[in-house]
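Okay, so here's the structure we're looking at.
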Amino acid sequence: MPLTIISAVVIRLMFVLHTFISVWRVTDVLQESLYWLMLVSLIALVVEALVTVIKRKGEEWKWFCPSFFCYLSAVIPAVWLLEINRLDRLDELVTGNTTAAEQLSSLYGVEVPIVLSANQWVLAIEQSLLFLLIIARWLLPKGEITREQLSQLLFAYIGMASDIMELLYLFDEDKVVRDLVLRYAILGVWSLSLFQFCLVYTATKTRKPRPIFIPIRRSMRHSSRSQQGGSQRSRPSQASTDDNPTIITIGDNTSEVDPDDGCCSCETEIWAIGLIVLLQDGPFLTVRLFSIIKYSIFNYNIIFFTTKNVLVLLLQFYRLAVVLIETKKAQKEEEKRTEEVTHELIQKLHGKKKKRKDKENQAEKDTSVTENTPFTVSETLHVPDP
């Protein structure tokens, strides 16, 4: 069995195991076996695994990781239930020690030898979720992205995971815990930011050859054909009309910008910047500023990460402006180069036409000279004597 298929299957089994433990913990905390139905959401992950293994031979997609999406869709509801239960217990000041060690209940005689407090259980599930996403992206078959792009993606994931996990530390503030709207807003923003891991920001588009359209008259086409092989007849087609252009393809586009795409030539990087701003730094900054302004929460963590979000947003907008400016500049240079190549090709075609006319004129002169030269029968016919 290929290593790519083994890696794909093992990672998806890890997703299923983590989701199962999370739902198991939910049923223990809420004392309701009905929550086992949450495992039905894993059907989508199983279907995705079958498609990946059978049809794609274990290879991942280039721009999007459907396995991550299915896993997050299954495990996030369990994390919400655990976090809301923990916050309710803190808000209501339930009698009893929330730091008391707890263990998962026995399930058909199977026990997990892990003993943690209620808070530690929630924290462990949330942190292991992020670590599992990073490790899974590392071990999964890289598919159509290069190793360099994969390494860049992993470093980006680590930076995102640290900021995502830090957002939940707002729940350490009593004022935040008592605000139900802010509580659900933090959980919603946290959940939305996790879906960044489904996207591959470092993938790039494949450059394609660029066609150049050159208007060429029928006589010029006939000239070029006669130079290559005058005995071959050109087949009548729509392209032989005077007003239709000839299409000439110039190699691979080695420049950084494809002018055919206009401002969308760097769409990969632009989309990456936009998604990071919309899914993480923008919402995170909004939530933290709201907490600071409304509840006057000032501590080292919230000040540091708020400043970090502001700087990241400024740098992202600066990077966006640089990309657009460089794209426009490269587009103009490419258009200039294209005009030069087009002009050179037209000059060559005109040169061939001129050479052909010169040859025709020379042939006409030779014919006229031959016709005007006097000759006698004796000079042309030599009849032997009898």
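Of all residues in the range 131-151, which are of a type in the set (D, E, K, R) and modelled with pLDDT of 85 or more?
Initially, the range 131-151 is screened for residues of a type in the set (D, E, K, R), giving 137, 142, 144, 147-148.
Arg137 - this is the single residue of the range 131-151 that is of a type in the set (D, E, K, R) and modelled with pLDDT of 85 or more.
Tell me the residue from Arg12, Arg25 that is part of a helix (DSSP H, G or I), over 30 Å from the mean Cα position of the chain (by Cα) and not hydrophobic (A, V, I, L, M, F, W, C), please.
On the way: Arg12 fails: over 30 Å from the mean Cα position of the chain (by Cα).
Just one listed residue meets the conditions, Arg25.
Of Ile302, Ile293, which residue is over 30 Å from Leu199 (Cα atoms) and among the β-branched types (Val, Ile, Thr)?
Details: Ile302 fails: over 30 Å from Leu199 (Cα atoms).
Just one listed residue meets the conditions, Ile293.
Can you work out which of the residues in the range 138-189 that are aliphatic (A, V, I, L, M) and not in a helix (DSSP H, G or I) is surrounded by the most Cβ atoms within 10 Å (Cβ to Cβ)?
In the first step, residues of the range 138-189 are kept if they are aliphatic (A, V, I, L, M); the result is 139-140, 145, 150, 153-154, 156, 158, 160-161, 164-165, 167-168, 170, 176-177, 180-182, 185-187, 189.
Now drop any that are not not in a helix (DSSP H, G or I), which leaves 140, 145.
On the way: Leu140: 22, Ile145: 18.
Ranking the qualifying residues of the range 138-189, first place goes to Leu140.
It is to be established whether one or more residues within the range 292-307 are among the small types (Gly, Ala, Ser), farther than 30 Å from Ala156 by Cβ and either surrounded by 11 or more Cβ atoms within 10 Å (Cβ to Cβ) or modelled with pLDDT of 85 or more (or both). Write out each step before concluding.
Taking the range 292-307 as the starting set, the residues that turn out to be among the small types (Gly, Ala, Ser) are 296.
In the following step, the residues that additionally are farther than 30 Å from Ala156 by Cβ were identified as 296.
Filter once more, keeping what is either surrounded by 11 or more Cβ atoms within 10 Å (Cβ to Cβ) or modelled with pLDDT of 85 or more (or both): 296.
Yes - at least one qualifying residue is present in the range 292-307.
Would you please list the contacts, defined by Cβ atoms under 7 Å and residues six or more apart or on different chains, that run from a residue in the range 153-182 that is under 18 Å from Leu275 (Cα atoms) and free of Cβ contacts under 8 Å to residues at least 24 places away in the same chain to a residue that is among the charged types (D, E, K, R) and buried (at least 19 other Cβ atoms within 10 Å of the Cβ)?
Leu154/Arg137
The values are calculated or read from the model by the stated rules, or taken from the named source; none is laboratory data. Worth saying up front: this structure is predicted, and the values here are computed from it rather than measured. Don't worry about glycine lacking a Cβ; one is built from the backbone with ideal geometry, like all the others, and counts go over all protein chains shown.
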